[in-house]
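To start, the structure itself, in structure tokens.
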Amino acid sequence: MSDAPDIRFRSDMTVELVKHSAADTDVLWAARVSTAGEQSLEELEKDPQRSRGLINFLMRDRHGSPFEHNSMTFFISAPLFVFREFHRHRAGWSYNEESGRYRELEPVFYVPDTSRKLVQEGRPGKYRFVEGTAEQHRGTVRTLEDSYRRSYEAYQGMLDTGIAREVARAALPVGLYSSMYATCNARSLMHFLGLRTRHELAKVPSFPQREIEMVAERMEAHWAGLMPLTHEAFNANGRVAP
């Protein structure tokens, strides 16, 4: 068997905005072609209050298509179980994830930090999460780390005997970190945020798993910097995607 690699444990998520073509003027340009024909960027920017009002009107009355004329590509590193939830979002999204068929997967695994609420109380559809005790957290971390070490040792052992990567990867748990590029537009991102964040301004409550919410919060911060008027209108209208 080859030398055992250094296994790494993480509790954070990586979200990087790697490229984009996204601005509030994209929304304005798309919307105003309906009534004014093509307009220049200078024309769109000369009346900021009118622009804010138009974007708010589009959001409020759910005229969604103007919010699709933009693009953002994110690099995301997160556990596999986060990506399995992520891939439920299909309309307006494109994904390319690293492949366990074509490369040996790195031993990087998720363990919750002390801010992660561990204990679920109540019945399905009406439950809440509470912190749990320090001993429960220590036991969770210890159990996960032991499990990860054993599973990665089994994975490496299969590879060393000539088993194909696409077969050997079945020994690995969903706490393994993967990475992907995810591309979306503002409208599809708003749908994602409406479901995957819990926010005091939301008209429709959502109860996301904390780990995917961590990813969503970082994506939202990038988007808010690119399209502040659109983000403002999203919050002002109850965080409901148009």
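Throughout, read-outs are computed from the coordinates displayed, never taken from laboratory work. Keep in mind it's a predicted model, so treat the numbers as computed, not measured. Glycine also receives a Cβ, built like all others from the backbone with ideal geometry; neighbour counts cover every protein chain displayed.
A few notes on this one:
- Rounded Å value of the spacing that divides the Cα centres of region 143-160 and region 14-29: 40 Å
- Relative contact order computed over the chain (Cα-Cα under 8 Å; 6+ residues apart), in percent: 31 percent
- What the Kirkwood sum gives for region 198-242 is a hydrodynamic radius of 11.1 Å, with every pair of different alpha carbons counted.
- Its DSSP H runs of at least 4 residues, each contributing -39,500 (n - 2.57), put the calculated 222 nm mean residue ellipticity of the chain at -13500 deg cm²/dmol, to the nearest 500.
- For the chain, the longest principal axis of the Cα atoms and the long axis of helix 24-36 meet at an angle of about 40 degrees.
- Ordering PHE86, SER71, MET180 by the projection of their Cα atoms onto the charge dipole of region 31-183, which places +1 on the Cβ of Lys and Arg and -1 on the Cβ of Asp and Glu, puts PHE86 at the extreme positive end.
- Extension gain from HIS199 to VAL167, taking 0.36 nm per residue of separation minus the Cα-Cα distance: 7.4 nm
- Each of LEU229, THR197, HIS20 was placed along the dipole of the chain (beta-carbon charges, centred on the mean Cα), and the one lying farthest toward the positive end is THR197.
- Counting Cα-Cα pairs of region 112-215 in 10 Å increments starting at 0 gives whole-percent bin shares of 11, 28, 29, 24, 7, 0.
- Seen from PRO205, the other residues with C-beta closer than 15 Å to its C-beta sum to a net charge of +4, counting Lys and Arg as +1 and Asp and Glu as -1.
- For GLU16 and SER206, the difference between the fully extended length at 0.36 nm per residue and the C-alpha to C-alpha distance is 65.9 nm.
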